[in-house]
Amino acid sequence: MNTELEKSNDGWRNLTRRDFMTRVAGAGALAALGGSAVVDALAQDKPAPKPPADPAGTVPNSAVMAEKVPAMQAHSDRPLTGSVPAEHHNYAVTPNDRMFIRNNMLTPEIDASAHRLAVKGLVEKELTFSIDELKKSFRVVRTQAMLECAGSGRTAFSPRPSGTPWSPTGGMGCPMWTGVRLRDVLQAAGVKPGAVHVAGQGGDFGVVATAAPVIRSIPMAKAMEEHTLLAFEMNDAPLPKVHGYPLRLVVPGWVGSASTKWLHTLTVLDAPFKGTFMDGSYRIPRHPVKPGDRLPPDAVITEAWPVKSIITHPAPNAAFRVGGSVPIEGRAWVGEGAIEKVELSFNEGVSWQRAALIPATDKYAWSVFSYKFVPKVPGYATVLARATDDKGNLQPIVSTWNPLGYFWNGIHRVGFIVEA
């Protein structure tokens with residue numbers, strides 16, 4: 001079972017998501033920020049005390065944000081989260097400075113030369129690798145692949161679920177990844193019969209010493225898929241510190257929590273891991289529930305993203321001329337499968353036109369779509385985009401509501417101005 005990993009997770013694995021957030025936010029945030037001093041300041045309508053200096057062994061948020069474009073909007077400070085709106089994703093490959101930020105803890109400062117990856121659990125032989133040993137021992141591969149936070153688009157749900165307030169088009173990216181295949185490493189260790197899941201554990205830690213370690217497991221089939229990587233580069237450079245330096249899992253097409261950052265341990269298990277990031281969060285109802293209802297006990301773990309698209313050009317309220325060309329561009333993707341088509345509407349969904357589609361360059365990369373629209377009358381105009389995958393799944397007008405606000409993939413709508 002998960003005995004070895006559970007030892008590092010004692011006292012947390014049976015908490016509900018609400019209990020976990022209360023413990024971290026209450027015992028952690030208030031204590032870390034000055035406890036009663038913060039409460040007193042708020043009660044007296046005075047500025048709250050400044051937070052303490054960043055803990056030793058961490059990268060300051062200011063250093064992280066300095067590497068991002070000004071359009072990167074921070075959604076929370078501890079943990080640090082941030083994203084750019086859709087119009088800043090108008091690139092074939094997501095640049096590092098536009099890749100979304102999603103920490104569960106603090107950003108650790110890690111010495112790559114001393115970093116080691118341990119492989120253990122249901123394996124014939126336990127292994128340990130340095131980053132250089134991984135590069136020398138296994139074939140290095142490069143692929144473009146989507147990563148998207150499960151809560152991407154959360155603010156579009158009504159009623160709005162609690163959690164990071166991702167915008168309807170924030171919390172995703174499609175950079176280039178370089179690393180070694182997870183399956184090659186597992187095969188070198190020799191996976192024993194009965195292996196069901198592989199758990200990744202990261203080296204990040206929280207302000208509160210008792211915070212649950214970040215551990216997430218994935219099914220063996222996904223672990224052995226050739227595009228699932230142990231990555232050490234992003235866009236042909238070492239991973240940025242906030243994106244997992246010096247080593248991370250990349251589980252393409254699936255929710256970002258599956259792609260453990262600052263990876264130091266892989267454990268092969270005979271069952272899915274039991275812990276905060278598997279059972280207390282990142283779960284959706286097995287069947288639709290009434291908006292506002294609680295998460296049912298038979299909820300299932302989030303895995304592959306449903307079909308989705310965003311309009312990356314024009315930007316909201318951009319101005320164009322009657323009779324001139326309005327170039328429409330966007331991105332479409334699906335967690336498992338391929339994009340079959342993207343359609344656009346310029347009359348609020350009354351009719352749809354098929355956009356030109358450039359297929360994904362790699363299995364888990366997004367596809368680029370485009371269309372030339374020529375407005376005939378002045379005024380306020382809109383464009384809607386919807387994608388369909390190769391299984392016939394059509395992007396919905398509004399996503400199915402769920403208590404934790406995951407998997408928003410509703411139709412994106414952008415308005416622009418047509419001047420006479």
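Look at (1) of a type in the set (D, E, K, R); (2) part of a loop (DSSP other than H, G, I, E, B); (3) under 22 Å from LYS241 (Cα atoms) and you find that LYS125 fails only one, number (3). Number of residues in the stretch 366-400 that are outside any strand (DSSP E or B) and of a type in the set (A, V, I, L, M, F, W, C): the value is 5. Taking first residues from the stretch 330-351 that are farther than 26 Å from THR228 by Cα and partners that are modelled with pLDDT of 95 or more and of a type in the set (Val, Ile, Thr), the Cβ contacts under 6 Å between residues at least 6 apart in sequence or on separate chains come to LEU344/VAL383; PHE346/VAL383. Take the conditions within 30 Å of ILE301 (Cβ to Cβ), at pLDDT below 95 and open to solvent by 20 Å² or more (accessible area, probe 1.4 Å) and apply them to THR400. Does it pass? The answer is no for THR400. Taken together, the criteria place LEU122 among residues that are within 21 Å of PHE273 (Cβ to Cβ) and open to solvent by 30 Å² or more (accessible area, probe 1.4 Å).
Out of THR128, THR81, report the one residue that is out of contact with any Asp or Glu (no Cβ under 9 Å at 6 or more places or on another chain), polar (S, T, N, Q) and without any contact (Cβ under 8 Å) to a residue 40 or more places away in the chain. Let's see the steps before the verdict.
Numbers: THR81 fails: without any contact (Cβ under 8 Å) to a residue 40 or more places away in the chain.
From the options THR128, THR81, the qualifying one is THR128.
Looking only at residues in the stretch 299-320 that are among the small types (Gly, Ala, Ser) and more than 18 Å from ASP390 (Cα to Cα), the one that is nearest to the chain's Cα centre (by Cα) is ALA299.
The single condition from (1) hydroxyl-bearing (Ser, Thr, Tyr); (2) touching a Leu at 6+ places or on another chain (Cβ under 7 Å); (3) within 21 Å of ASN103 (Cβ to Cβ) that THR302 fails is (2).
Find the strands (runs of 3 or more DSSP E) located wholly in the stretch 162-261 whose residues include 1 or more that are of a type in the set (Asp, Glu) and open to solvent by 10 Å² or more (accessible area, probe 1.4 Å), and list them.
Details: elements: 176-181, 197-202, 215-219, 229-234, 248-250.
In the stretch 162-261, the matching strands (runs of 3 or more DSSP E) lie at 229-234.
Restricting attention to the stretch 227-263, the residues that are among the β-branched types (Val, Ile, Thr) and under 22 Å from PRO306 (Cβ atoms) add up to 4.
Within the stretch 54-84, restricting attention to residues that are polar (S, T, N, Q) and in a helix (DSSP H, G or I), which residue is most open to solvent (accessible area, probe 1.4 Å)? Spell out the reasoning first.
First pass over the stretch 54-84, keeping only residues polar (S, T, N, Q): 58, 61-62, 73, 76, 81, 83.
Checking the rest, the ones that are also in a helix (DSSP H, G or I) come to 61-62.
Details: ASN61: 29, SER62: 86 Å².
The qualifying residue most open to solvent (accessible area, probe 1.4 Å) is SER62.
With respect to the conditions (1) in contact with a helix residue (DSSP H, G or I) (Cβ under 8 Å, 6 or more places away or on another chain); (2) closer than 30 Å to ARG116 by Cβ; (3) open to solvent by 40 Å² or more (accessible area, probe 1.4 Å); (4) not polar (S, T, N, Q), HIS264 falls short on a single one, namely (1).
The values are calculated or read from the model by the stated rules, or taken from the named source; none is laboratory data. A quick note: this is a predicted structure, and the numbers were derived from the prediction, not measured. Neighbour counts run over all protein chains shown; Cβ positions are idealised from the backbone, glycine included. Side chains are part of the model used for accessible areas, which takes the heavy atoms of the whole protein and leaves out ligands, DNA and RNA. Shrake-Rupley method; radii C 1.70, N 1.55, O 1.52, S 1.80 Å.
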